[in-house]
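Contents: one structure, followed by commentary.
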Amino acid sequence: AKKRRDHVLTRMYELNYIDKKTYDTAVSAPLNASYHALETQIKAPYAAELIRQQLEQMYGDIIYTDGFDVYTTIDSKLQEAANQSVRDHLLAYDQRHGYRGASQNLGRPDLKNMEYFEESLEEFPTVNELTPAVVVDMTQQTAIVLRADGNMITIPWQGLSWARRQINSDYLGKRPTSTSEILKLGDVVYIMQTPQGVRLAQIPKAEAGLISLNPQNGEILALVGGFDYENSKFNRITNAERQPGSSFKPFVYSAALEKGYTLASTINDAPIVVENLDNSLWRPQNDTHRFYGPTRLREALIHSRNLVSIRLLSLIGLPYAIDYATRFGFSSSQLPQGLSLALGTALVTPLQMANAYSVFANGGFKIVPFIIDSIRDSRGKILYQAKPLIACDNCSDKKNSYAPRVISAQNAFLVTSALHDVIQFGTAVRAKTLLRNDLAGKTGTTNNQVDAWFAGYNSHIVTISWLGFDQPQSLHEYGNRAALPMWIQFMQTALKNQPDRALLQPSGIVSVRINAQTGKKTSTADAAGRFEYFMSPYVPQQDDKNDDEDKGDTATTQQQEENNNPTVY
């Protein structure tokens, strides 16, 4: 900085812009330059990189020189909550699966090699506030560690006792009773600060992501694409194509409702054998490895019954279901041409899932997610203003653009009603801790527990959480344990002081008392009676022993022959 300053002063003097006295005073002035930058208001590196990529596509390299001001849709409060939730629950998952040991051992510490230890620690990065340190002393149940800045810190037993040794992905060692069972002198470890004090930590091997958006217009409110951007710049929200597992089932059920099935239609939850094209046999199972017999579709979705979902897909027809799923923004090329589609074996990104679930949240409209709200040049002139597609029925204001309707309001209401019960009674019952009556959602776990998802929403916010390994391997946990708590923590902030915003019941939906076993219309005297929602054309007939099929079942069962489906036994 001094060389550059003095060079400019010299040229100014040589060209007679300043006199000798001014020049001498300036070059003898003390140097007061320092590194500086605008203070970052919110940590959102994955969002910032996504914005940079979009700007470069729009304007090219001039974005680096012309001083653009870019205003985004990110809500700083929600982004902070998303950052914290992803960090907390990825660390919690990692610690549930044991301590993998020190990064390195620098040898036995003494006063002569403290400087060497400090220099060595400079080679280890700080990762999302996890700080490297080296163990320099131990007691029975404490460890004293040295940081690169020379500070000594004591880790109490409360911060050590979690560290059962990870034997392999399936087994942990016994609970430790002393520090020496966990650490050795000279071990390079990571530590983290918690409200309870300093804690032994480790950089997670798994990854996670969270995206939240406004389903009414597509504004991206928060986006976290991984544990730490400096450690891995790969954005798992926009670029990671993963299997969604059971969180894909609502799209199959929505397709069935469009064909005349109802939430009261019953399908047999019984063993299935599917003959594949190569003559091999596929024998799918429920997660519980049990069979439940005739099951109403609402109950099947609440409890994520795999066998019902497969039979339902077979009945409505695979080509029809694939075509129907494209209404939600999925490409037919990413959807498998087999009945495993019912179990979520497509490859999709979390952003696509957020976009798709927005259709249910806003009552049937396909919005387009966006993150740049406006762009101004260095003089404040507006260069770009987003004009999002707005979810609105019967709106005609020419100033706005409106999202196309892709499913009926009645269909969206029925799916949301069932997904509301997933939280009230099903696989996502943990979310009841939010004490809300306007939430709906679906857990997702893929084969061998490789991916864990939760997709949840009300009419004003959709949030998707995902957890998995970049190189797929089993998490040994289901979505309701690995991904749902992350979603819950974020939504505690997102919904704070917000009124309940349940999806309104549209016209064309009626409530009818049915028999819980048969799904048929019944009287108030029926002890097994309960109320169910129906589209007006598909209200079931009165319960009758001689009547084996309701209107919806008949219409859809007949369709099986027309679709040339794979054989299901």
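The values are calculated or read from the model by the stated rules, or taken from the named source; none is laboratory data. Just so you know, these numbers come straight off a predicted model, no measurement behind them. Every residue, glycine among them, receives a Cβ derived from its backbone with ideal geometry; neighbour counts consider all protein chains shown. Side chains included, ligands, DNA and RNA excluded: accessible areas come from the protein's heavy atoms. Shrake-Rupley method; radii C 1.70, N 1.55, O 1.52, S 1.80 Å.
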Which of the residues spanning segment 490-509 are open to solvent by 50 Å² or more (accessible area, probe 1.4 Å) and either within 18 Å of residue 416 (Cβ to Cβ) or in a helix (DSSP H, G or I) (or both)?
492, 498, 499, 500, 501, 502, 504, 505, 507
Report, by residue number, each residue of segment 46-66 that is open to solvent by less than 40 Å² (accessible area, probe 1.4 Å) and in contact (Cβ under 8 Å) with a residue 24 or more places away in the chain.
46, 47, 50, 51, 55
Only one of 291, 360, 365 is free of Cβ contacts under 8 Å to residues at least 40 places away in the same chain and not basic (Lys, Arg). Can you tell me which?
291
Looking at residue 462, is it open to solvent by less than 10 Å² (accessible area, probe 1.4 Å), at pLDDT 95 or above, of a type in the set (A, V, I, L, M, F, W, C) and assigned to a strand (DSSP E or B)?
yes
Here, helices (runs of 4 or more DSSP H) confined to segment 293-333 with at least 2 residues that are touching a Gly at 6+ places or on another chain (Cβ under 7 Å), closer than 12 Å to residue 255 by Cα and of a type in the set (Ser, Thr, Tyr) are none
Hits in segment 255-278 (condition: touching a Leu at 6+ places or on another chain (Cβ under 6 Å) and part of a loop (DSSP other than H, G, I, E, B)):
263, 265, 272, 273
Subset of segment 301-329 that is free of Cβ contacts under 8 Å to residues at least 40 places away in the same chain and among the hydrophobic types (A, V, I, L, M, F, W, C) - its residue that is farthest from residue 479 (Cα to Cα)
322
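One residue is enough: does segment 338-345 have a residue meeting the conditions under 16 Å from the mean Cα position of the chain (by Cα), on the phi < 0 side of the Ramachandran plot and in a loop (DSSP other than H, G, I, E, B)?
no
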Taking residue 513 and the conditions (1) in a helix (DSSP H, G or I); (2) of a type outside the set (Phe, Trp, Tyr); (3) at pLDDT 90 or above, which numbered condition does it fall short on, given that it satisfies the others?
(1)
Within segment 258-280, can you find the residues that are open to solvent by 10 Å² or more (accessible area, probe 1.4 Å), of a type in the set (S, T, N, Q) and touching a residue at least 40 places away in the same chain (Cβ under 8 Å)?
266, 268, 276
So residue 17, is it farther than 26 Å from residue 234 by Cα and open to solvent by 40 Å² or more (accessible area, probe 1.4 Å)
yes
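Being open to solvent by 80 Å² or more (accessible area, probe 1.4 Å), of a type outside the set (Gly, Ala, Ser) and under 20 Å from residue 126 (Cβ atoms) narrows it down to one of 95, 84, so name that one.
After ruling out the rest, the residue left standing is 84.
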Identify, please: which residue in segment 287-345 is among the acidic types (Asp, Glu) and modelled with pLDDT of 95 or more and is, among those, surrounded by the fewest Cβ atoms within 10 Å (Cβ to Cβ)?
323
Among the residues of segment 465-476, write down those that are of a type outside the set (Phe, Trp, Tyr), open to solvent by 10 Å² or more (accessible area, probe 1.4 Å) and in contact (Cβ under 8 Å) with a residue 12 or more places away in the chain.
470, 472, 473, 474, 476
Evaluate the following for residue 181: is it charged (D, E, K, R), surrounded by fewer than 23 Cβ atoms within 10 Å (Cβ to Cβ), without any contact (Cβ under 8 Å) to a residue 24 or more places away in the chain and closer than 30 Å to residue 135 by Cα?
yes
Going through 38, 9 one at a time, which residue ends up being open to solvent by 90 Å² or more (accessible area, probe 1.4 Å), of a type in the set (A, V, I, L, M, F, W, C) and out of contact with any Cys (no Cβ under 8 Å at 6 or more places or on another chain)?
38
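Conditions tested, residue by residue: (1) open to solvent by less than 10 Å² (accessible area, probe 1.4 Å); (2) at pLDDT 95 or above; (3) under 30 Å from residue 134 (Cβ atoms).
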position	(1), (2), (3)
189	yes, yes, yes
208	yes, yes, yes
215	yes, yes, no
219	no, yes, no
237	yes, yes, no
Pairing a residue in segment 505-525 that is closer than 23 Å to residue 294 by Cα and free of Cβ contacts under 8 Å to residues at least 12 places away in the same chain with any residue that is of a type outside the set (Val, Ile, Thr) and open to solvent by less than 60 Å² (accessible area, probe 1.4 Å), where Cβ atoms lie under 9 Å and the two sit 6 or more apart in sequence or on different chains, gives 523/513; 523/529; 524/513
Yes or no: segment 153-171 includes at least one residue that is crowded, with 21+ Cβ neighbours inside 10 Å, assigned to a strand (DSSP E or B) and not polar (S, T, N, Q).
yes
Among the residues in segment 245-257, are any open to solvent by 10 Å² or more (accessible area, probe 1.4 Å) and farther than 18 Å from residue 359 by Cα?
no
